[in-house]
6 protein chains.
Amino acid sequence: MRGAQVRGLIVGRFQPFHKGHLAVIREALRKCDEVIVVIGSAEESHTEKNPFTSGERYQMLLSSITPEERARVLIIPVRDVNRYSVWVSHIESYVPPFDTVFSNSDLTRSLFKQAGYEVCRTKAYNPKEYSATEIRRRIVSDEKWTHLVPGPVARFLEGIDARQRLLDAGMSPQKKKGGCVAR
Amino acid sequence: MRGAQVRGLIVGRFQPFHKGHLAVIREALRKCDEVIVVIGSAEESHTEKNPFTSGERYQMLLSSITPEERARVLIIPVRDVNRYSVWVSHIESYVPPFDTVFSNSDLTRSLFKQAGYEVCRTKAYNPKEYSATEIRRRIVSDEKWTHLVPGPVARFLEGIDARQRLLDAGMSPQKKKGGCVAR
Amino acid sequence: MRGAQVRGLIVGRFQPFHKGHLAVIREALRKCDEVIVVIGSAEESHTEKNPFTSGERYQMLLSSITPEERARVLIIPVRDVNRYSVWVSHIESYVPPFDTVFSNSDLTRSLFKQAGYEVCRTKAYNPKEYSATEIRRRIVSDEKWTHLVPGPVARFLEGIDARQRLLDAGMSPQKKKGGCVAR
Amino acid sequence: MRGAQVRGLIVGRFQPFHKGHLAVIREALRKCDEVIVVIGSAEESHTEKNPFTSGERYQMLLSSITPEERARVLIIPVRDVNRYSVWVSHIESYVPPFDTVFSNSDLTRSLFKQAGYEVCRTKAYNPKEYSATEIRRRIVSDEKWTHLVPGPVARFLEGIDARQRLLDAGMSPQKKKGGCVAR
Amino acid sequence: MRGAQVRGLIVGRFQPFHKGHLAVIREALRKCDEVIVVIGSAEESHTEKNPFTSGERYQMLLSSITPEERARVLIIPVRDVNRYSVWVSHIESYVPPFDTVFSNSDLTRSLFKQAGYEVCRTKAYNPKEYSATEIRRRIVSDEKWTHLVPGPVARFLEGIDARQRLLDAGMSPQKKKGGCVAR
Amino acid sequence: MRGAQVRGLIVGRFQPFHKGHLAVIREALRKCDEVIVVIGSAEESHTEKNPFTSGERYQMLLSSITPEERARVLIIPVRDVNRYSVWVSHIESYVPPFDTVFSNSDLTRSLFKQAGYEVCRTKAYNPKEYSATEIRRRIVSDEKWTHLVPGPVARFLEGIDARQRLLDAGMSPQKKKGGCVAR
C-alpha cells in the first residue's frame, strides 16, 4: 500500500523530551523513510511521573526537529489502555501502517514481535544523564539541566515554569544520590 | 510563547477524508501560520458512521496534502469523551496551543467561544456532495464517488476494499432519495 | 442508626427542573423526615436530552425550595453507570441510608424492590404539561413555558440563555403535534 | 500446545438462549473437539435488547446441554469493548486458544479472518422463528413461545418472571406485524 | 447570576470527617455566603486510604454541622477523573457557580488559579493530630481517637464498626512512630 | 430455582494456578454440588502481579481438573471494577446463583456476608510455598517450581515460556530472602 517505503515506530512518554529521545528518532530516520513517534500516556499530566500534557510534549517534540525531519516524522499521541493484551491493536488503530518498532523495552519488543513486527534495539545514549527522571529531578532541585534537552525545549520549559509545575505535582528538591528517587 | 505565529484548529471525523475537508484546511492555512487538524472519534471504527480507524484516516489526510502544507499542518487524533462539559479541556490537553477554531457546528463554536477562543465560520463547499455520509452511501451502492475525494484517498480506499468494510459494518446499498440515509 | 427518622429517595434528571418535580418532592416531604433527591445522568450536558450540567440542575433545584425544605432535602448528583445490575449498589454508595423510594418507573421500582426497599408511587401531576421534554420543546420553539417551572428556574434559564443552549445541542423549533418529538 | 485438538468459537448474546443457538453449538461440536461459547455484551442487562444478566444467560445455556456436551463446551462471558479495532485481541485475552470461528455476521467473520482465524458459516435454523428478538416480543405479548427454547430455559424464564422483566425494561406488548419491532 | 452572593469551594476526601475539616468549613463560612463542600474520590471505598463510601462521608458531614450551617453548605460528592487537565472542568460541571477556592494543596491551587478562580489558603489546625491518616491509624490500633472528630461522627463510626472496616480493608494495628505509616 | 443443589463460589487470580488453589476447589467440591471459580482481574496480563491472560489462566485451570470435576465446576472470568461498593453486585451479574462463598480474605468475607451470603473459611494449604507470588519468583529466578503446580500447568507454563513472560513484565531474578519481594 505504501510502495517500497519503510515506516518505523517509536513509543515514548517524553516527560520531558530530551536529547536522548532526539538521538533515537534520528537513528530511526537513518533506517526508515518515515518515523511515527507515539506520545504514550497521552492523557496523563500534572503528576510526578507525567508532569506535562500531551499537547505540551507535542510542542516540545515539534520544536526540536528540523523542517527536513518534520517532513518525515509523524507525531501521534495515544492514551494508555492499561491492558497489554490489546495494546498492540490499540496502537495499530491510532497510527498509519508501520514496519519496524524501535524499542529497548523487553515488554514492548515482546508484544510487537508476537504480533509479527520487526523489532530493533536502539543504541543507548548515556541513559544515566539523558533520562527524563533525572531531568525532572534536576529541574525541581535547581541543578543544571538545560544542556540535556534541545534548546527550544529548554526555552519552552522555562516559559511554562516547569519547576513550579513539578512542585505543584508533589515533587520536592533532592540530591541525586539521596536515596530512592524513582518510583 | 509562539511569538507572532497564529495557529488554527479544525475538528473532523473524516469518514472518509474528502475534497470539502481539504478545502477547509486550505482556507484555514490561508489565515493561519499553522493548522491543527484533530481527527475526532479517534477510537471508533468498523461502524456505519465511523468505518475507518484513526490510523487510516491519518493516512488519507497525510497523503492528500502537499509537502509545503505538511510543514504547516499538525494532524492529531483525539478520542471522544462524550462529556461536553470537559470537551474543550480534553482537546486542549492533546494539542499545542492554538488561537482560532474553524467550525460551522453550533455546539463546537459555542463551547470554544465560552472558553475564550476566537471562532471562525468556514465557507460551505457544496455540502450536499462533499459529505462523508453521501460518499459512504455511494461507495456501498457502487455509484461514482472517486471524484469527491483527493486522488490518493481514492486509491487508499480501493486498496483496503472500502466497500467491503462498509458492508461488514452493516451498511446496505441504497438509492440517494430512498428514505432515511443518515444515522 | 438514624433513630426513628424516615428518609425518602427520588431520582430524576431535571432537564430542566419543573413544577411537577417540585410537587413530587413536596409529596415525599409530607411522608418522610428527609428526602434525598438524586440528580441522575450527572455527567451529561449539552445534548438534546440532557442540555444542562449537573451543577446547573443543582442550582435550579436549590433555588426552588424554601429554607424549611432545604433543611430536609439532600441534593446529590450521581453519574450513570449504564449497568442496571449494579445500579442500586451504585446509588447506595453515593447517598446516606434511606428507606423509601418514590418512583413511577417500572424498572426503578423493580430494582429497588428486589434490593429490599419500600417503593412508593407518586401522584401524577399533569404529566402532559409538566414534562421536561415538552418544556425543552417549548423553549426552543419560543412558546410559553415559564409558567411550567418555578420562578427562580425561569430566571435562571433565561440568565444562561437556555434557548441558545438547546439550539447549540442540535434541537430545532417544532410544533407540538409535528411528529416524533421524543427520541 | 493443545495437540491435535480443534477448538471452535461461537459468540452470541443469548437474550434468551433458544433452540437455534443450541443447534449452532451442536453443529460446531460435530466439527470440533471443544467449543468455546462466548456470552457477549456480558455486562448488559435489564434493557429491551439485553434483558437478562450474564449469569442468567450462563444458567440457561448450562441447563440446556447434556453432560456429554458440557464436557466439551466452555462458556465464557465477555463484556463489550465497543472498539472493533481491539475486539479480536479482547476476545483472545479472555478465552483459551481456538482455531475456528463459527459466525454468520459479516463483521465478525471479517475481523477474525483478518486476524488469521478460520471462519465458518453455520446453517440457518429457521431464523424467522428462532430469533431472540421474536421470542422477547412473544413473551411480552403473551403469545406462545416456550416451544422455541429448550425446556429448562422455558422453566427458568418462567421462574424469574421474564415477562415482568421485559415490561420493566420498557417493552410493551405488540403484534408481530405491527410495525418496527426491532430497534 | 447570583447577585452579590459569594460562594466558596472546599475539596476533601473526609476519610473520615474530623474537627480539622470542620474548622476549615467554618473558616470559609465566615468569608462566604455559601460554601460548596466537594466530597472527592466519591466512588472509592473499602480501601486503606478510602475506607468509607461517599454516602457515609456525606452522613458524617451532615451530622456535624448546625442547622444554620446546613442552610449555607452544599455537600456534593464528585468522583475522581484522574486527569488533571480536565479536573477543573469536571468539578465545574458538578457544582453550582463559585468564586473562591479554599485549599492548601499546591496542585489544587495552581489548577484553579490557572482557570481564573480566586484561591485562598486556610489556617492549619494542628495537622499532626487532625489528620485522617492518623485517625485511621488510631482507630485500627485501638488508641484514643474520638476526641479528634465531631461527636456525631464518633457515634456514626462506632455504629458501623469502623475498626472492622479498616481491618477488612487490609490495615493492621501499628504504633505511631513504627515506620512507614502512609501509602 | 435450583432445587436442593448447593453452589459454592471461589474467587482467585490464579497467577499462576497452583496446587493450593486446586486443594481449595476440591475442598469446596466436597461441600457443594457445584463450584463457581471466578478468575478475578480477568483483563490484567503482562504485569509483574498479573503476568498471564484470563484465557491462559482458564486453560491452566481446565487442564488441572478431572472430567468428573469439570462436570461440577463453572469457570468464569470477571474483570475488576475497583469499586468495592458495587463489587458483589458485579460478581452476581456475571455468575449463576450461588449460596456459599469460600474465602480467607477479610474484605471478601465481609462484603459477601453483608450481602447475605454464607461465608466459609478454607483450610490453609502451606501458604508459604503454595503461593503464586513465590512461584513467580522461583520461575524468574530459575529455582525449582514445577512441583508446586499441577503437571499440566507446568507443561503449559513451559510451553508459553513463562520465565520470559515474567522477565518481559519487568521481574528480575532474586533470592527468596533477598529483601522486598512483594509489592
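Tabulated data for the structure shown
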item	result
Region E:92-107: number of residues that are more than 19 Å from residue E:32 (Cα to Cα) and in contact with a strand residue (DSSP E or B) (Cβ under 8 Å, 6 or more places away or on another chain)	1
Where residue B:79 falls short, out of the listed (1) part of a helix (DSSP H, G or I); (2) within 11 Å of another protein chain (Cβ to nearest Cβ); (3) surrounded by 17 or more Cβ atoms within 10 Å (Cβ to Cβ); (4) free of Cβ contacts under 8 Å to residues at least 40 places away in the same chain	(1)
Every pair of residues 6+ apart whose Cβ atoms lie under 6 Å, when the first sits in region C:99-113 and is without any contact (Cβ under 8 Å) to a residue 60 or more places away in the chain while the second is among the acidic types (Asp, Glu)	C:106/D:168; C:107/D:168; C:110/D:168
Enumeration of residues in region A:1-49 that are in a loop (DSSP other than H, G, I, E, B) and without any contact (Cβ under 8 Å) to a residue 12 or more places away in the chain	A:3, A:4, A:45
Region D:20-67 - residue that is within 16 Å of residue F:97 (Cβ to Cβ) and charged (D, E, K, R) and, of those, nearest to the chain's Cα centre (by Cα)	D:57
Of residues in region A:50-68 being of a type in the set (Ser, Thr, Tyr) and in contact (Cβ under 8 Å) with a residue 60 or more places away in the chain, the one nearest to the other protein chains (Cβ to nearest Cβ)	A:63
Failed criterion for residue B:116 (all others in (1) within 15 Å of the chain's Cα centre (by Cα); (2) surrounded by fewer than 18 Cβ atoms within 10 Å (Cβ to Cβ); (3) more than 18 Å from residue B:173 (Cβ to Cβ) hold)	(1)
Lone qualifier among F:107, F:111 - being surrounded by 18 or more Cβ atoms within 10 Å (Cβ to Cβ) and either assigned to a helix (DSSP H, G or I) or among the β-branched types (Val, Ile, Thr) (or both)	F:111
Conditions (1) surrounded by 19 or more Cβ atoms within 10 Å (Cβ to Cβ); (2) farther than 30 Å from residue D:88 by Cα; (3) touching an Asp or Glu at 6+ places or on another chain (Cβ under 9 Å): number failed by residue B:5	(1)
Checking residue A:72 against (1) more than 8 Å from every other protein chain (Cβ to nearest Cβ); (2) out of contact with any Asp or Glu (no Cβ under 8 Å at 6 or more places or on another chain); (3) within 23 Å of residue B:61 (Cβ to Cβ); (4) not small (Gly, Ala, Ser), the condition it does not meet	(2)
Test set (1) within 14 Å of chain E (Cβ to nearest Cβ); (2) in contact (Cβ under 8 Å) with a residue 40 or more places away in the chain; (3) out of contact with any helix residue (DSSP H, G or I) (no Cβ under 7 Å at 6 or more places or on another chain) - residue A:131 fails condition number	(1)
Selection from region C:82-110 of residues that are more than 14 Å from chain D (Cβ to nearest Cβ) and either under 12 Å from the mean Cα position of the chain (by Cα) or of a type in the set (Phe, Trp, Tyr) (or both)	C:94, C:98, C:102
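Just so you know, all these numbers are worked out from the coordinates, no wet-lab data involved. Not measured: the values here are computed from a predicted model. Cβ sites come from the backbone with ideal geometry, for glycine too, and all protein chains shown count toward neighbours.
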